[in-house]
Amino acid sequence: MSPSKTFATASRVLRQLSHDPRTVALLFVVPPVLLTIMKYVFEGEPQVFNGIAPMLLGIFPMVMMFLITSIVTLRERTTGTLDRLMTMPMTKLDFIFGYALAFSFLGLCQAFISGGVMLGLLNVTVLGGAIPTIIAVVFAAFLGTSLGLFLSAFATSEFQAIQFMPAFIFPQLLTCGLFIARDQMAKPLQWFADVMPLTYSVDAMKQVTLHASWTNELTRDLIIVASFGIAALVLGSVTIRRQEK
Amino acid sequence: MTIAVKIKNLSVTLSGDVKALKDISMELPVGRSIGFIGPSGAGKTTLIRSIVGRLKPTAGSIEVLGLPAGDAKLRDQLSYMTQELSVYPDLTVKENLRYFAIMMGHTKDTNTIIEEVLNEVDMIDKADSLVKNLSGGQKQRVSLSVALIGSPRLMVLDEPTIGLDPVLRESLWKLFNKLKTRGTTLLISSHSMDEAERCDDLILIRSGKVIAHGSPSELKKQTGTKTIEESFLSLVGGEPE
């Protein structure tokens, strides 16, 4: 693995997106708009919104990076670019970490914008403060990217890649504790939620919201999210083959 | 005579039990342009993908520049232009070349390299255009320019002149011949028989088998025909597959 090739891959991916300003705009404008809508949906119950908004902030980057990454990497597989790269002196890790770096960076930008709107304009109180919030959001973006990279290997068309979102992300969304506290769900769903990464991403946001100091649970959540992310990247690199049989 | 590619009893079975190549053997010398000619579906791309190391042989062996195909040491000595465009449509020509140059290990002088390869394919005036806004022939030339980065010893080009107008094709063949004088070996696949006349050596492929191997003039003499198209037809006995 070489840092210059990893960075070159990350900057190439970001450059591709920069030539598509509409996608970038959607990426940065949609989350704060949705948060704003939520605020007025819960107009009668501001304290409920205060609990939900930070969790959503952790969910947006995960979902969006998942979608974008899976489509972009699917394109690499189908347009011949990956084919060409795999005959060049670069490693699969340069490729994979380049992607992870690029989209985590986008997640960071998204976190600044949505986090700024949430804390500054929508008056959400997060006891843990802005910095832990942003850290947790970047971890969520990293997770979304890694899962997208890995799962894109199982899609043969963009239609399939898009369908992976309801198939893999929605069940996690329903059980992650956003709609109802996890201990009130049916037992099997609790077990399911216990082994799903989004649960920990959302839990991290809860920790940040409710505790003024950095908690052990927050550390644990972030370690679990990062481990899921790294595992997905490693599995993703296995799905890229130098030599096919 | 040094050998660039040595293939011994190569068979490749693709998924779905399709026998794409059946017991092929050949020795291809350095510094020549060698055409893989045959109808589409004959096995040309499978052969090419095996040589660049993207496809594992089911049986037999391939040696490229003295190393087994797919060896890591070959990665900066050969270039592969796939049949798909294999460049990023949402990047400019220059951005594409810069990225691939770095991947080939050229971190310094990338600008000089970019300028050089763009000159070779006569695309310097389009350096800052997005690839998706270029015409088909221009895209093809950008893809070819990526294959020129770092002056590889072996260039493997899958249908490089498909869809190009005759003037452009002529200028690309001039480039190929120039590269040859520098000792570059070119493997070029094509389904067009008139393209075949320009190669030094031809490998005629049909249904996964080599049906003839020789220079265009040899093949024509051997079959007593005037064009490669006629020799091909005479070799297969005019029978459809």
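One table, with the values for the structure above:
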read-out	value
Trypsin sites (Lys or Arg not before Pro) within the stretch B:106-190, DSSP loop, no more than 14 other Cβ atoms inside 10 Å	B:Lys108, B:Arg182
On Cα atoms only, tilt of A:130-151 relative to the major axis of chain A in degrees	40
Segment B:Val18-B:Lys209, length gained on full extension (0.36 nm per residue, minus Cα span)	67.4 nm
Set of lysines near B:Lys94 by C-alpha distance (under 24 Å), chain-local residues within fewer than 8 positions excluded	A:Lys5, A:Lys92, B:Lys108, B:Lys126, B:Lys132, B:Lys139, B:Lys174, B:Lys178
B:Lys174-A:Phe42 FRET efficiency (beta carbon distance; Förster radius 60 Å; 0.05 resolution)	0.30
Where Rh is the Kirkwood radius over Cα pairs, Rg/Rh for chain B	0.97
Relative contact order %, chain B, counting alpha carbon pairs below 8 Å whose residues are six or more apart	26
Charge dipole (debye, nearest 20) of the protein assembly as shown; +1 at Cβ of Lys and Arg, -1 at Cβ of Asp and Glu	780
Given charges at beta-carbon only (K, R positive; D, E negative), |dipole| of chain A in Debye	700
Distance between modelled label sites at A:Phe192 and B:Thr181, nm, 7 Å Cα→Cβ extension	7.0
Peptide A:88-96 - average C-beta neighbours from other chains (10 Å radius)	4
Relative contact order (%) - chain A, alpha-carbon pairs under 8 angstrom, separation at least six	27
Sites matching trypsin sites (Lys or Arg not before Pro) across the stretch B:193-241 that sit in DSSP coil, with at most 12 neighbouring C-beta atoms within 10 Å	B:Lys226
Angle in degrees between helix B:110-120 and the longest Cα principal axis of chain B, rounded to the nearest 10	50
Local electrostatic count, B:Ser145, Cβ distance below 10 Å [Lys/Arg +1, Asp/Glu -1]	-2
Spin-label pair A:Ala231/A:Ser213, simplified geometry with 7 Å Cα→Cβ offset, distance in nm	3.1
Neighbourhood net charge (14 Å Cβ-Cβ; Lys/Arg +1, Asp/Glu -1) for B:Tyr88	+3
Acute angle (nearest 10 degrees) that the helix A:197-210 long axis makes with the longest principal axis of chain A, alpha-carbon atoms	40
Eligible aspartates and glutamates near B:Lys56 by straight Cα distance, threshold 16 Å, same-chain separation 8 or greater	A:Asp83, A:Glu244, B:Asp17, B:Asp23, B:Asp71
Cross-link reach list, lysines versus A:Lys39, counting only Cα pairs under 20 Å and skipping chain neighbours closer than eight places	A:Lys206
Top positive-direction residue, dipole computed over the protein assembly as shown with Cβ charges, set B:Met193, B:Thr225, B:Gln140	B:Thr225
Charge context of B:Val30, other residues only, Cβ under 15 angstrom, K/R +1, D/E -1	+1
Translational diffusion coefficient (Stokes-Einstein; Kirkwood radius from C-alpha pairs) of the stretch B:78-151 at 10 °C, 1.306 mPa s, in µm²/s	134
Computed Kirkwood radius, in angstrom, where 1/r is averaged over Cα pairs of the protein assembly as shown	25.0
Gyration tensor verdict on the stretch A:115-189 (Cα atoms; rounded if a/c is under 1.5, prolate if a/b is larger than b/c, oblate otherwise)	oblate
About the Cα centre, charge dipole magnitude for the stretch A:134-245 (Lys/Arg +1, Asp/Glu -1 at Cβ), debye	240
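Every read-out reported here was derived from the displayed coordinates using simple, explicitly stated rules and does not represent laboratory data. As the structure is a computational prediction, the values presented were derived from the model and not from experiment. Virtual Cβ from ideal backbone geometry, glycine too; neighbours counted across all protein chains shown.
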